[in-house]
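The values are calculated or read from the model by the stated rules, or taken from the named source; none is laboratory data. Since we're looking at a predicted model, the values are computed, not measured. For neighbour counting, all protein chains shown are included, and Cβ atoms are generated from backbone atoms with ideal geometry for every residue, glycine included. We work out accessible area using only protein heavy atoms, side chains counted, and drop any ligands, DNA or RNA first. Shrake-Rupley method; radii C 1.70, N 1.55, O 1.52, S 1.80 Å.
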Amino acid sequence: MRKKILAGNWKMNTNISDGLQLFLEVKSAWSQTQSHGMLCIIAPPSTHLAQFSASPELGLHTAGQNCSEHEAGAFTGETSAAMLKSVKADYVILGHSERRALYGEDNTLLKRKVDTAFRHDLIPIYCCGELEHEREAGMQNEVVKRQLEEALFHLNASDFGKVVVAYEPVWAIGTGKTATPVEAQEIHSFIRSRIEDRYNKIVAMNTSILYGGSCNPNNADDLFAKKDVDGGLIGGASLNASDFMQIANSLSKCI
Ligand code: PGA
């Protein structure tokens, strides 16, 4: 079922003691909030996961920020899907633009990562989004369509129905530039219509599509008010419990 979701992508930030303190602050604030079926997903560095005890019964889950496409073996520096699952992660972020740009991850590789995640019962939070020059050339829909088709649309409807899609325009990530609510709504609606074309209306209506890219307590209300924006994937502002919970509060107003 389509859910409102707030996900925090901590990237390569915090040591274990700062991270644990931040996680416990978020967990305590979240458990006092009326979450109305909303989900909160925290994606810390993988070194922290074993010490972060989530509360799925309160809608609080943890996620990896990436996983290997391989099962196990001689892949120095990689983390497998099975390892993430063994420390109780329920989700994994795949296709983040930093992985695409800095580590050369393309849609073909991401398709394999999506399949590996499913084999281990991890739900992908699949990121898509265009570069600045692609938006300037009006190519955003084409780019996002290809990212969906090449890495996700091989899934059957039942597996696709579990995936969370995150639209993150690359030019808005960590830059302070945000897509306007109208721009976000346009492309979220486009994504939903592509899902409907590939699967059906029910699958499309049930898919949570998150916005990411400089989302913060000042712009969250307006972004989340749009009908096809089901929540946010938050980077910088997820490193401050108070900012993150203000964003959660904005999302809870849309239920
Ligand atoms: P940002 O990052 O909120 O710092 O722009 C979002 C993301 O990269 O997921």
Please specify each residue of region 220-244 satisfying the condition of being open to solvent by less than 30 Å² (accessible area, probe 1.4 Å) and more than 10 Å from the ligand (Cβ to nearest atom). ALA220, LEU223, PHE224, ASP228, VAL229, ASP230, GLY231, ALA241, PHE244
Please work out if LYS88 is among the charged types (D, E, K, R), within 18 Å of ILE42 (Cα to Cα), touching a residue at least 12 places away in the same chain (Cβ under 8 Å) and more than 16 Å from the ligand (Cβ to nearest atom). yes
Has region 11-29 got any residue that is at pLDDT 95 or above, within 16 Å of the ligand (Cβ to nearest atom) and assigned to a strand (DSSP E or B)? no
Candidate set from region 69-85 (those that are open to solvent by less than 70 Å² (accessible area, probe 1.4 Å) and farther than 18 Å from ALA50 by Cβ); member that is farthest from the ligand (Cβ to nearest atom): GLY73
Among the residues of region 95-136, write down those that are at positive phi and either open to solvent by less than 20 Å² (accessible area, probe 1.4 Å) or among the small types (Gly, Ala, Ser) (or both). GLY95, GLY104, GLY129
Could you give every pair whose Cβ atoms fall below 7 Å, whose first residue belongs to region 203-218 and is under 14 Å from TYR167 (Cβ atoms), and whose second residue is within 12 Å of the ligand (Cβ to nearest atom) and among the basic types (Lys, Arg), counting only separations of at least 6 or pairs across chains? SER214/LYS177
Has region 172-188 got any residue that is hydrophobic (A, V, I, L, M, F, W, C), open to solvent by 10 Å² or more (accessible area, probe 1.4 Å) and within 13 Å of the ligand (Cβ to nearest atom)? yes
Flagged in region 30-55 as within 16 Å of the ligand (Cβ to nearest atom), part of a loop (DSSP other than H, G, I, E, B) and either crowded, with 18+ Cβ neighbours inside 10 Å or acidic (Asp, Glu) (or both), in numbering order, are PRO44
